Amino acid sequence: MGVPPRELDSSVGERIGLLSQTVEGLDEALAAVDAFDQALVTGLLRPQPAQAAGLAAFAHAVTGTPLAAKVTEAAEKAAAGAAREDHFVALAAARTALLGSVHDALISRVAEATGRSLDQAPGPGRGGQQAVNLLVAARSWLSDLARSGWQGIDHDVVSASAQVVSAMLPDPDLRRLATLLDGFAAELAASCPGASLEHIPARRWADLWSRAMLLTLPGASDASAVGTATGRLLPLGVDLHEHATAAQAQVHAVFEPADGTTPRLVRASVSAPKPDTVVGAGVWQLLRPHMSLLTAVGEGRAMDLTDMPITAEGDLIWSDGQARTGEAADAFTTARVVLPTATASATAPLDRHPARIAVPVFLESYASRGDDDALTFSIAGHHLSVDADRIPAAGPLTSQAVAASSTCIGLVRWDDGAFTVQPLAVETTVRKKAVAIHAGAWAGGTTDKAGVKAEKAATDAVAVLRERAGRLLRK
């Protein structure tokens, strides 16, 4: 980047202790959410006294808000087993609002710890023309789920969503909801019958249910307002998500506008379906052709953007035609010099959830404690847990390298009641030499023996699958 590293207040440093301090009202809000989630476990067709008490406590949590009257009525109707679809919508809205308040409190705490300012809430988005009848059908299915409860689900209840999802998928304005319903139904189907489940992911399923319920409201899934970005993109690191049938890479970066205005934190994502035989470094083969930014990340280079579409929440809608590879850009130099000055984008209303917190942070001069299962960074007498489980296998970064490091670029997350840091890259010493190890180092290709072996295995697996698919088509 041509800018030498210098000592700035760029790390959390002395302020890291703020992340371990109690956030006022947090426990009470989460307890209210848990009370509602437990009511969904056994279902709201014939509620028991414990469910009625939980619903009353849930409604009490939004007292004094614009939702209070509607939620109180909805909770009373649900406790009597007489809730209509509009009552379930009100309960979903209250749950989302409570978790949104938790998100906002936690984000404010992170901003205080990092010394970073936040953008104002994003403006209205672009509305689409949605088929109201399909939204009503989806809402009806979700209401049936709430009545049956997670313990009452069976294949007949779950499969009722299939026709609705099939009708929604061809419509771009409904695809967001359709994808959510499809994945949710598949997860429920794999858990049927609910009565035999030893463990029910009550928080997760209630998250999916309430989000889907709100997306059935006309206008709820309208696209975010989109502007354009012209300037220099400085990557910080890659967060890779890998599932059995899909993979996504999300690049976290700092964007420096060409007009000299304040830098801002942005993200660029690419997703691709994948066969379950493609794992580890092989997933880059599926993602790389769709986004040139991955190659730039692997090579440690910036990118110059011209009129790249960007949402108010800081998500770049990537187009290779509006980006070209720029000069060398060391991620740690970016983290030391530019990251402290960057503004964080606001979060869209329906995305305000603690699980979605992923804030770039730069840490240095820490001591590592513990092992792979319980690793922590100690800075100025304060401790921050390391989420080593999120380190992907598709790169050279390992928990051992993190434990031996002294400098880290990571994402601050909140999980299971506490803040953690997910490493994206670290600086450590290997054979008496200082080296930087990035989780996304293989994104653009690699000569590393382990990476080359994994990519070859992925190439072979994809070739076999293509050959089998070709034979099926010929038949």
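Selection of first residues in the range 380-407 that are more than 26 Å from G282 (Cα to Cα) and of second residues that are modelled with pLDDT under 90 and buried (at least 22 other Cβ atoms within 10 Å of the Cβ), restricted to Cβ pairs under 6 Å at least 6 apart or on distinct chains, gives the following pairs, ordered by first then second residue: H382/I16; L384/I16.
Scanning the range 173-199 for residues that are closer than 17 Å to V158 by Cα and buried (at least 20 other Cβ atoms within 10 Å of the Cβ) gives L177, A178, L181, F184, A185, L188, G194. For A186, the conditions (1) in a helix (DSSP H, G or I); (2) of a type outside the set (D, E, K, R); (3) touching a residue at least 24 places away in the same chain (Cβ under 8 Å) all hold with the exception of (3). Residues of the range 149-166 that are charged (D, E, K, R) and exposed (fewer than 14 other Cβ atoms within 10 Å of the Cβ): D156 alone. A single entry from E427, E455 fulfils the requirement of being part of a helix (DSSP H, G or I) and not β-branched (V, I, T): E455.
Picking from residues in the range 358-373 that are surrounded by fewer than 21 Cβ atoms within 10 Å (Cβ to Cβ) and not charged (D, E, K, R), the one that is nearest to L339 (Cα to Cα) is A358. Scanning the range 355-372 for residues that are in a loop (DSSP other than H, G, I, E, B) and farther than 29 Å from L208 by Cα yields a count of 5.
The criterion of being more than 24 Å from the chain's Cα centre (by Cα) and at pLDDT 95 or above does not hold for S101. If the condition is being of a type in the set (A, V, I, L, M) and in contact (Cβ under 8 Å) with a residue 60 or more places away in the chain, then the range 40-73 contributes L40, V41, L44, L45. Going by the conditions given, is A69 part of a helix (DSSP H, G or I) and farther than 17 Å from L40 by Cβ? Yes: the conditions hold for A69. No other residue among R232, R203, R267 is in a helix (DSSP H, G or I), touching a residue at least 40 places away in the same chain (Cβ under 8 Å) and not aliphatic (A, V, I, L, M) apart from R203. Annotation: of all residues in the range 104-120 being small (G, A, S) and in a loop (DSSP other than H, G, I, E, B), the one that is nearest to the chain's Cα centre (by Cα) is S117.
The values are calculated or read from the model by the stated rules, or taken from the named source; none is laboratory data. The model shown is predicted, which means the values in this text are computed figures rather than measured ones. Neighbour counts are summed over all protein chains in view; Cβ atoms, including those assigned to glycine, are modelled from backbone coordinates with ideal geometry.
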